[in-house]
Amino acid sequence: MSEEDIRNYLSRQSSGTPSPKRVAVRPTGPAPRRRMPAKPPEAETFKKFSASHLLCPRCKQAMPVRERLLLFLPDGDLYDYICTTCGTSVGTKKADR
Ligand SMILES: [Zn+2]
């Protein structure tokens, strides 16, 4: 490109029909916000693992259990935890008195 060409190019730009100042270009502002991915509800899941859910060896998952008083001991009561679904004993707990 020679200097003349450049001058011609510039003069063509400045003269002639003035281009509208506003150009219909989408503003390059912040891109539309992406939706934040919902947090995996792990915390919620953990909260639900209360003492009333224990891993049942037969159901192979944490199952709701019910407490059954097994023994009165001198230093506390012994409770048996039973899976409410299959009735398997999933553990015992000694409640101190
Ligand atoms: Zn079970």
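Report yes if some residue within region 54-67 is assigned to a loop (DSSP other than H, G, I, E, B) and of a type in the set (S, T, N, Q); otherwise report no. No; the residues of region 54-67 include none that is assigned to a loop (DSSP other than H, G, I, E, B) and of a type in the set (S, T, N, Q). From the set of residues in region 65-83 that are exposed (fewer than 13 other Cβ atoms within 10 Å of the Cβ) and within 15 Å of the ligand (Cβ to nearest atom), which is farthest from His53 (Cα to Cα)? That would be Arg68. The number of residues in region 11-61 that are at pLDDT 75 or above and either closer than 30 Å to Ile82 by Cβ or of a type in the set (Val, Ile, Thr) (or both) comes to 10.
The values are calculated or read from the model by the stated rules, or taken from the named source; none is laboratory data. Keep in mind that this is a model prediction, so the values were computed, not measured. Virtual Cβ from ideal backbone geometry, glycine too; neighbours counted across all protein chains shown.
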